[in-house]
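Heads up, the thing below is written out as structure tokens.
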Amino acid sequence: MKEIWENKRYRSMIILGLWMIFIIFIFILSSLGNNTQKTSEEQKQDSKEITIQELLKDYQETSNAINYEITITENDTKIILDGTYASNKHTGYLTTATEVISYRCENSLCYKTFIDHEEPMDTYLFEGIKDPLYIVKFANNLVLQNENEDKKSYKYTEITSDGTTEYEVITENQTINNEETYLISQINITTPNLKIETKVNLELGQVNVDENNNQ
């Protein structure tokens with residue numbers, strides 16, 4: 001080996017070979033760096049964050065079902081609406097301090113449902129803040145208040161002659177089937193002067209539709 005190194009011709013060839021290996025190594029590192037940067041930029045584009053207005057619009061216009069639980073507390077009296085909205089129809093259960101009833105609501109009319117018949121109800125259950133998507137009308141007024149890696153809180157305060165109503169929408173992003181999804185985890189509506197508090201939990205779900213497009 002010493003004799004080879006002392007030979008100028010062989011020594012030049014060895015040095016040249018080492019330089020070529022070094023250059024190839026640098027080229028590979030550079031290529032890996034460019035690919036990593038490209039992948040990061042593509043992921044950033046793919047995971048474009050949607051606005052609260054777009055999210056509420058998606059809930060309003062979705063062809064899927066919206067599952068909800070609405071808790072309304074008024075002057076220490078509590079009612080719970082636990083149901084599903086799909087195909088312009090509400091179905092679910094109304095729980096009060098005295099009873100639990102099954103309901104169906106559509107076209108601004110509600111019915112108590114039984115195994116073999118229905119009875120009309122005196123009131124429509126989803127007027128005003130009792131509508132699970134009532135907050136949609138204030139989407140453009142919602143202002144971001146708090147955020148962390150997974151959750152954001154938006155608020156809006158409405159002042160009218162009847163008093164003050166405070167709206168809060170809490171959203172969160174989750175990874176479902178390797179895709180980032182934004183969800184509304186809760187809507188809080190409070191009317192302090194009327195002692196009314198409404199909490200809404202929303203969930204997008206699948207709805208089964210037959211060949212005639214009936215649920």
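The values are calculated or read from the model by the stated rules, or taken from the named source; none is laboratory data. Keep in mind that this is a model prediction, so the values were computed, not measured. Here the Cβ positions follow ideal geometry from the backbone for every residue, glycine too, while neighbour counts run over all protein chains shown.
Kindly list, by first and then second residue, each pair from a residue in the range 142-153 that is in the same structural domain as residue 184 (by TED's automatic domain parsing) to a residue that is surrounded by 10 or more Cβ atoms within 10 Å (Cβ to Cβ) and not in a strand (DSSP E or B), limited to pairs with Cβ atoms under 6 Å and residues at least 6 apart or on different chains.
Close Cβ pairs (under 6 Å, with a partner that is surrounded by 10 or more Cβ atoms within 10 Å (Cβ to Cβ) and not in a strand (DSSP E or B)) amount to 142/52.
I'd like to know if the range 84-97 contains one or more residues that are in contact (Cβ under 8 Å) with a residue 40 or more places away in the chain, among the aliphatic types (A, V, I, L, M) and under 25 Å from residue 191 (Cα atoms).
First, pick out the residues of the range 84-97 that are in contact (Cβ under 8 Å) with a residue 40 or more places away in the chain: 84-87, 89.
From what's left, among the aliphatic types (A, V, I, L, M): 86.
Narrowing further to those that are under 25 Å from residue 191 (Cα atoms): none.
Taking every residue of the range 84-97 in turn, none turns out to be in contact (Cβ under 8 Å) with a residue 40 or more places away in the chain, among the aliphatic types (A, V, I, L, M) and under 25 Å from residue 191 (Cα atoms).
Within the range 73-103, can you find the residues that are among the aliphatic types (A, V, I, L, M), modelled with pLDDT of 90 or more and surrounded by 13 or more Cβ atoms within 10 Å (Cβ to Cβ)?
Residues satisfying the conditions are 79, 80, 81, 94, 101.
I want to confirm something. Restricting to the range 135-161 and keeping residues that are in a strand (DSSP E or B) and of a type in the set (S, T, N, Q), which single residue is nearest to residue 185 (Cα to Cα)?
Applying the filter and picking the extreme gives 153.
What tally of residues in the range 114-125 results from selecting those that are within 20 Å of residue 200 (Cβ to Cβ) and either in a strand (DSSP E or B) or touching a strand residue (DSSP E or B) at 6+ places or on another chain (Cβ under 6 Å) (or both)? Even if it seems obvious, please write down each step before you answer.
Taking the range 114-125 first, the residues within 20 Å of residue 200 (Cβ to Cβ) are 123-125.
Still in the list and also either in a strand (DSSP E or B) or touching a strand residue (DSSP E or B) at 6+ places or on another chain (Cβ under 6 Å) (or both): 124-125.
Within the range 114-125, residues that are within 20 Å of residue 200 (Cβ to Cβ) and either in a strand (DSSP E or B) or touching a strand residue (DSSP E or B) at 6+ places or on another chain (Cβ under 6 Å) (or both) number 2.
Report whether or not residue 181 is surrounded by 11 or more Cβ atoms within 10 Å (Cβ to Cβ), of a type outside the set (Gly, Ala, Ser), over 13 Å from the mean Cα position of the chain (by Cα) and part of a strand (DSSP E or B).
For residue 181, the condition - surrounded by 11 or more Cβ atoms within 10 Å (Cβ to Cβ), of a type outside the set (Gly, Ala, Ser), over 13 Å from the mean Cα position of the chain (by Cα) and part of a strand (DSSP E or B) - is not met.
Filter the range 120-139 down to residues that are surrounded by 10 or more Cβ atoms within 10 Å (Cβ to Cβ) and more than 20 Å from residue 198 (Cα to Cα), then give me how many there are.
1
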